[in-house]
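> Got a structure here, written out as structure tokens. Questions coming.
The values are calculated or read from the model by the stated rules, or taken from the named source; none is laboratory data. Here the structure is a predicted model, which means the values were calculated and not measured. Methodologically, a virtual Cβ is constructed for each residue, glycine included, from the backbone with ideal geometry; neighbour enumeration extends over all protein chains shown.
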Amino acid sequence: MNPLHRFTTAIEAASRLDRLSSKVRSIAAPLGRPSLVRDGLTGRWLGHSVHPMLVAVPIGCWAGAALLDVSGASAPAARRLIGAGTLAAIPTAATGVADWFDTSQAEQRVGLVHALLNDAAIALFTASWVARRTTRPTAAKALSGVGLAMVGAAGYLGGHLAYSRGVGVNTTAFQSGPSEWTRLIEESSLSTDEPVRATLDGLQFVAILRSDHVDVLEDRCTHRGAPLSDGTVVDNCVECPWHASRFDTADGGVEAGPASVPQPAYLARLVDGWIEVRRDESGGLRQHPTGSAHGSG
Ligand code: FES
């Protein structure tokens with residue numbers, strides 16, 4: 001096995017991290033509770049996670065400062081870059097913590113080590129910035145060099161979370177329903193405002209009978225994959241059973257996070273007692289039809 005893979009597997013299995021995890025959870029609890037702040041940090045307004053976008057700022061600043069250090073170019077510019085990167089790391093960390101709340105136990109362990117490495121890097125860059133003000137350039141460069149190494153290690157673990165564990169990705173990205181009208185479920189199987197699971201060609205949907213029409217979404221929650229058919233209908237939305245994201249049943253739009261990616265929605269119609277569905281060809285599957293799936297196509 002690849003040694004790096006062994007390393008991440010060991011962290012995932014390290015139950016001794018759980019006590020610290022639960023302390024962090026209780027300290028950062030406001031970022032984990034449903035609120036507009038949490039939705040802002042997890043990216044409902046953006047359409048995907050905010051964290052990967054923000055990490056570019058501190059990393060870019062710190063890497064730029066390192067290049068200036070190595071080249072012997074402007075010391076004041078390097079100091080400003082270190083300061084800017086350190087300040088930018090604060091909101092970046094907040095978005096990471098908000099994403100971290102809804103991960104599995106193994107993922108929380110990796111996320112915790114990722115955060116500790118970044119915290120250590122922030123401390124080192126802060127010390128480097130102070131050292132630069134007190135004209136101790138060699139120590140300052142050494143501190144920021146070690147800090148950059150910490151950021152690299154943290155980045156590896158962040159990449160593991162995103163690309164190996166699927167944290168922060170759209171869980172429906174590789175799914176695609178029918179492009180032609182296709183029978184999904186008999187209307188008689190549905191009860192008003194009760195989410196019902198239906199399977200078509202191996203893909204699961206949730207059908208919801210509203211007062212005068214049926215709405216159909218993909219069943220797998222875009223956030224972390226929960227079955228929305230186990231959720232409940234609240235107002236115009238279906239609420240996810242795992243983390244309480246709310247998706248508009250008509251177009252899959254995210255009305256409450258932590259989900260940030262809309263739920264794929266389908267056109268639907270009633271024909272001979274069957275609900276038929278198809279993708280919205282006018283805008284494509286990911287364009288989520290603006291009208292709900294109404295009685296006839
Ligand atoms: S799985 Fe997290 S909100 Fe649905």
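> Restricting the first residue to the range 222-240 and requiring it to be in the same structural domain as SER260 (by TED's automatic domain parsing) and over 18 Å from THR199 (Cβ atoms), which pairs with a second residue that is within 7 Å of the ligand (Cβ to nearest atom) and among the hydroxyl-bearing types (Ser, Thr, Tyr) meet a Cβ separation below 6 Å and a spacing of at least six or different chains?
Listed pairs, sorted by first residue: HIS223/SER245.
> Quick check, is ILE27 crowded, with 17+ Cβ neighbours inside 10 Å and at negative phi?
no
> While we're on this one: Starting from the range 173-197, keep only residues that are without any contact (Cβ under 8 Å) to a residue 60 or more places away in the chain, then list their pairs with residues that are surrounded by 14 or more Cβ atoms within 10 Å (Cβ to Cβ) and assigned to a loop (DSSP other than H, G, I, E, B) whose Cβ atoms are within a distance under 8 Å, requiring at least 6 positions of separation or different chains.
THR192/ARG210; ASP193/ARG210; PRO195/GLY231; VAL196/LEU190; ARG197/ASP219
> If I go through the range 23-79 residue by residue, how many of them are assigned to a loop (DSSP other than H, G, I, E, B), of a type in the set (Val, Ile, Thr) and in contact with a Leu (Cβ under 8 Å, 6 or more places away or on another chain)?
Final tally of qualifying residues: 1.
> Follow-up question, since we're still on this one. Which of the residues that make up the range 241-256 are within 12 Å of the ligand (Cβ to nearest atom) and over 17 Å from GLY47 (Cβ atoms)?
PRO241, TRP242, HIS243, ALA244
> What pairs come out if I take residues in the range 257-268 that are farther than 27 Å from ILE185 by Cα and within 11 Å of the ligand (Cβ to nearest atom) and pair them with residues that are acidic (Asp, Glu) and not in a loop (DSSP other than H, G, I, E, B) whose C-beta lies under 8 Å away, six or more apart or interchain?
From the range 257-268, the pairs are GLY257/ASP39; PRO258/ASP39; PRO258/ASP99.
> Has the range 174-185 got any residue that is of a type in the set (D, E, K, R) and in a loop (DSSP other than H, G, I, E, B)?
yes
> Follow-up question, since we're still on this one. What is the number of the single condition among (1) within 19 Å of GLY159 (Cβ to Cβ); (2) of a type in the set (Ser, Thr, Tyr); (3) in a helix (DSSP H, G or I) that THR103 does not meet?
Among (1) within 19 Å of GLY159 (Cβ to Cβ); (2) of a type in the set (Ser, Thr, Tyr); (3) in a helix (DSSP H, G or I), THR103 violates only (3).
Conditions (1) among the hydroxyl-bearing types (Ser, Thr, Tyr); (2) more than 16 Å from the ligand (Cβ to nearest atom); (3) in a helix (DSSP H, G or I); (4) under 30 Å from ALA13 (Cα atoms), marked per residue:
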| position | (1), (2), (3), (4) |
| --- | --- |
| ILE90 | no, yes, yes, yes |
| ASP119 | no, yes, yes, yes |
| VAL130 | no, yes, yes, no |
| THR138 | yes, yes, yes, no |
| LYS141 | no, yes, yes, no |
| GLY147 | no, yes, yes, yes |
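> I'm checking my understanding of the structure. Among residues of the range 211-230 that are buried (at least 23 other Cβ atoms within 10 Å of the Cβ) and more than 14 Å from THR172 (Cβ to Cβ), which one is nearest to the chain's Cα centre (by Cα)?
Among those residues, the one meeting the criterion is ASP215.
> A further question on this structure: Report yes if some residue within the range 124-140 is touching an Asp or Glu at 6+ places or on another chain (Cβ under 6 Å) and among the hydrophobic types (A, V, I, L, M, F, W, C); otherwise report no.
Within the range 124-140 (the criterion being touching an Asp or Glu at 6+ places or on another chain (Cβ under 6 Å) and among the hydrophobic types (A, V, I, L, M, F, W, C)), the answer is no, since none of the residues qualifies.
> For the condition under 26 Å from SER245 (Cβ atoms) and not hydroxyl-bearing (Ser, Thr, Tyr), what is the one hit in ALA65, ALA10, ALA29, ALA14?
ALA29
> Let me spell it out: the conditions are (1) touching a residue at least 24 places away in the same chain (Cβ under 8 Å); (2) in contact with a helix residue (DSSP H, G or I) (Cβ under 7 Å, 6 or more places away or on another chain); (3) closer than 30 Å to HIS5 by Cβ; (4) surrounded by fewer than 18 Cβ atoms within 10 Å (Cβ to Cβ), and MET150 meets all of them except one. Which number is the exception?
(4)
> Looking only at the range 199-210, filter to residues that are within 16 Å of THR172 (Cα to Cα) and in contact (Cβ under 8 Å) with a residue 40 or more places away in the chain; which one of those is farthest from the ligand (Cβ to nearest atom)?
Filtering the range 199-210 for residues that are within 16 Å of THR172 (Cα to Cα) and in contact (Cβ under 8 Å) with a residue 40 or more places away in the chain, the one farthest from the ligand (Cβ to nearest atom) comes out as LEU200.
> Identify the residue in the range 153-185 that is modelled with pLDDT under 95 and among the charged types (D, E, K, R) and, among all such residues, is surrounded by the fewest Cβ atoms within 10 Å (Cβ to Cβ).
Per the stated criteria, the residue is GLU180.
> Inside the range 230-250, can you point out the residues that are of a type outside the set (Val, Ile, Thr) and part of a strand (DSSP E or B)?
CYS237, GLU239, ARG246, PHE247, ASP248
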